[in-house]
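To start, the structure under review is shown below, and the notes come after it.
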Amino acid sequence: MRARRRGEDYPRRRGRSAHSQPPAEKRAFGGTLFDAIFREQIGTCLRRSLDRAEGEGKGLRIRLRLPSNRLADVPWEFLYDKTTGRFLCLSESTPVVRYIELAESPPRVTVDGPLRMLVVISSPGDYPPLDVEHEWANLETAVSGLVESGRLQIERLRVPTMDELQRRLRREDYHVLHYIGHGGFDSDSGDGVLVLQDDAGMSRLESGRDLSTLLYDERSLQLAVLNSCEGARAEGTDPFSGTAQSLVRQCVMAVLAMQFEITDESAIVFARNFYE
């Protein structure tokens, strides 16, 4: 990986993201995407499926199978139905999920006892500071009901290094891994990165491939949440070049990650609402 000056890589910004758009532009863009996909017979199939699901009191999952990585770069989560005036992914009834074809199916795990969540929080001294303690407090509050009822155990990694993560995973089985920190995509290596720390509390860039290799044997792990910038970004023709994609390839059942930059404030609000 090409060396960079400290503090300039992959920041999760406090200010407005470079990708922020006015609501009208988002609706126009999402409407164009929707009209390009749900045309003629496909559009009719969608309407009939929605009507049937609604009649049965159920939702309809929109599963995207993207044949090329260039199509994966498109922010399909903006799909906007102009006839109903809503973004599909903002409704619990129409979640939009990207699906990656794999040679082997990840195992489903039956959990006896509480779910176990491991939280990795990294804000190294040579990067822009993040309000991680606020985010950690919101996360604890959001899952407090599950913890009190004995359905969830949540732990925080004491030292956010790759070595410490490896040691913890060797000792315990976890079902959810939640990362809070900086992230990005390294065009030189063609891989996503997460910014963990070294023993001195400074930054250490860990590639998505290295993390996925570490997690391959953790067959209890069913969900990874990457609350950082560009955790789902990929480039070129390799469909597994991003951090999230690498984890899915190594049989993590589901990964929730951001395709673009996000602000610190947005990340905090997202984590709280997701777990609530």
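The values are calculated or read from the model by the stated rules, or taken from the named source; none is laboratory data. Model, not experiment: these values are computed from the prediction. Here the Cβ is made from the backbone with ideal geometry for all residues, glycine too, and neighbour counts use every protein chain on show. Only protein heavy atoms, including side chains, enter the accessible area calculation; ligands, DNA and RNA are left aside. Shrake-Rupley method; radii C 1.70, N 1.55, O 1.52, S 1.80 Å.
Consider the range 167-202 and keep the residues that are out of contact with any strand residue (DSSP E or B) (no Cβ under 9 Å at 6 or more places or on another chain) and within 23 Å of C229 (Cα to Cα). The one that is modelled with the highest pLDDT is M202. Would you please list the contacts, defined by Cβ atoms under 6 Å and residues six or more apart or on different chains, that run from a residue in the range 142-156 that is within 20 Å of I268 (Cβ to Cβ) to a residue that is of a type in the set (K, R)? Matching pairs, first to second residue: A142/R272.
Consider the range 38-69 and keep the residues that are open to solvent by 60 Å² or more (accessible area, probe 1.4 Å) and touching a strand residue (DSSP E or B) at 6+ places or on another chain (Cβ under 9 Å). The one that is modelled with the lowest pLDDT is R65.
Within the range 159-198, the set of residues being acidic (D, E) and under 18 Å from D217 (Cα atoms) comprises D163, E164, E172, D173.
Inside the range 143-178, residues that are open to solvent by less than 20 Å² (accessible area, probe 1.4 Å) and part of a helix (DSSP H, G or I) make up a count of 3.
Of the residues in the range 120-129, none is within 18 Å of I262 (Cα to Cα), open to solvent by 60 Å² or more (accessible area, probe 1.4 Å) and touching a residue at least 60 places away in the same chain (Cβ under 8 Å). Within the range 130-141, restricting attention to residues that are free of Cβ contacts under 8 Å to residues at least 60 places away in the same chain and surrounded by 14 or more Cβ atoms within 10 Å (Cβ to Cβ), the residue that is farthest from the chain's Cα centre (by Cα) is E140.
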